[in-house]
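Contents: one structure, followed by commentary.
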Amino acid sequence: MKFRILGSGGGEGFPAPFCSCEHCEDARKQGGKSLRTLSQSIIDNDLLIDLPSDTNAHCLRFGINLGQIQNVLITHSHPDHYMPDLLATRGGFCAHNMKYKNLYIYGPSDLKELFNRVSISETIRENIHFIVLNAGEKVKIGEYDVTPIDALHAPTLGSLNYIIEKDGKSLLYLIDSGYPTEATLESLKGMNKVFDAVVMDGTMGISEPLTYLYHMGYKENKQLKQELILKGIADTDTRFVVTHITHNKSEYHEKVEEIFKDTGISVAYDGFETEI
Ligand SMILES: [Zn+2]
Ligand SMILES: [Zn+2]
Ligand SMILES: [Zn+2]
């Protein structure tokens, strides 16, 4: 699987558009990898993960044609991950010669209701379908086996993380999430699987562990890597990546890289790519 992070920022992007904090000002000066758009990833240019308002910008920058994509996996409905308004241009005079007539959106149960609130013409609406996923229930999405797991995040909305597998390779996608619960870690261990890649939420940056239950910080990312290896869920060949990085608890890209130096954890940036 070719895994690519299109947007590596947290909820408000980094720099945040209205913010003049020191970290945002530094990021504006640094440019490049320090400019982080909203969270979105893609596998093999085929399976899209999340649909933030930066989707259009990601398509332009990375040469993605959403008319060639049939399946979208959504983690949860926070607006930095799901902006159904974007779907209003999927048809009519806005979209010609799409490869797929129908689009399938997989994720928690509230996605369709939010979509229904958006003003979208009926001819576009009728080609967009929602499939509710439940933790622990594996589904086939295109060429991928996808197992949703409970995320420790936004408990009132319902929020999922994912195990994505293809051709014997497996990715553990932990965005957004706090440090996985004991129950989640035990169920991962019970799968008798050594993940090839683990993508972790680093929203809380340099905060001490458990500063906030529903996002991880860098110490928790390092601890999680060790715990996954200890439990046999990952090993020394597993690729670890931290993303969803925000201005409140992180400095510009190279400063974050210093924090993860010699840990074997890669710091994502917009356009980060790895073969899994
Ligand atoms: Zn988020
Ligand atoms: Zn800021
Ligand atoms: Zn969230």
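None of the figures in this text is laboratory data; all of them are computed from the coordinates on show. All values derive from a computational prediction rather than experimental measurement. We place every Cβ from the backbone using ideal geometry, glycine too, and count neighbours over all the protein chains shown.
Placing R0 at 22 angstrom, the Cβ-Cβ distance between S109 and L86 gives a FRET efficiency of 0.65 after rounding to 0.05.
The GNM of the chain, with springs linking C-alpha atoms under 10 angstrom apart, assigns the highest mean-square fluctuation among M98, M83, M200 to M98. As a calculated quantity, the FRET efficiency between D237 and K99 at R0 = 45 Å, using C-beta atoms, amounts to about 0.80. In a DSSP loop and with at most 14 other Cβ atoms within 10 Å, the trypsin sites (Lys or Arg not before Pro) in the range 61-145 are K99, K101, R117, K138. Each of Q223 and K261 was given a label point 7 Å from its Cα along the Cα-to-Cβ line. The distance between the two points is 2.4 nm.
So which chymotrypsin sites (Phe, Trp or Tyr not before Pro) in the range 69-103 pass both tests, a DSSP loop state and at most 15 other Cβ atoms within 10 Å of the Cβ? Filter output for the range 69-103: Y100.
When the dipole is taken about the Cα centre of the range 207-276, and only Lys, Arg (+1) and Asp, Glu (-1) are charged at their Cβ, what size is it in debye, to the nearest 20?
Working: 8 positive and 13 negative charges, 59 e Å.
Magnitude of the dipole: close to 280 debye.
Annotation for N134 and Q30: the two label points, set 7 Å from Cα along the Cα-Cβ direction, are 4.4 nm apart. Quick one: Cα centre-to-centre distance for the range 43-58 and the range 81-143, in angstrom? Rounded to whole Å, the Cα centres lie 13 Å apart. Length gained on full extension, N65 to E126, computed as 0.36 nm times the residue gap minus the Cα-Cα distance: 19.9 nm. Taking the convex hull of the alpha carbon positions in the range 1-116 and averaging its projected area over all directions gives 8.1 nm².
Of the beta bridges DSSP finds with both residues in the range 2-269, what % are antiparallel, to the nearest 5? Intermediate values should be presented prior to the final figure.
On the way: 22 of 48 bridges.
Of the beta bridges lying entirely in the range 2-269, close to 45 percent run antiparallel.
Computed from backbone phi, the HN-Hα couplings of the range 70-83 come to 9, 10, 10, 9, 10, 7, 5, 9, 4, x, 7, 10, 8, 10 Hz, rounded to whole numbers (Karplus: 6.51 cos²θ - 1.76 cosθ + 1.60, θ = phi - 60°; Gly and Pro given as x).
Rounded to the nearest 500, the helix-only mean residue ellipticity at 222 nm of the chain stands at -5500 deg cm²/dmol, with each DSSP H run of n ≥ 4 adding -39,500 (n - 2.57). Sorted into 5 angstrom bins from 0, the C-alpha pair distances of the chain split as 1, 6, 13, 17, 20, 17, 12, 8, 4, 1, 0 percent.
Taking the centroid of alpha carbons for each part, the range 190-249 and the range 151-186 are 11 Å apart.
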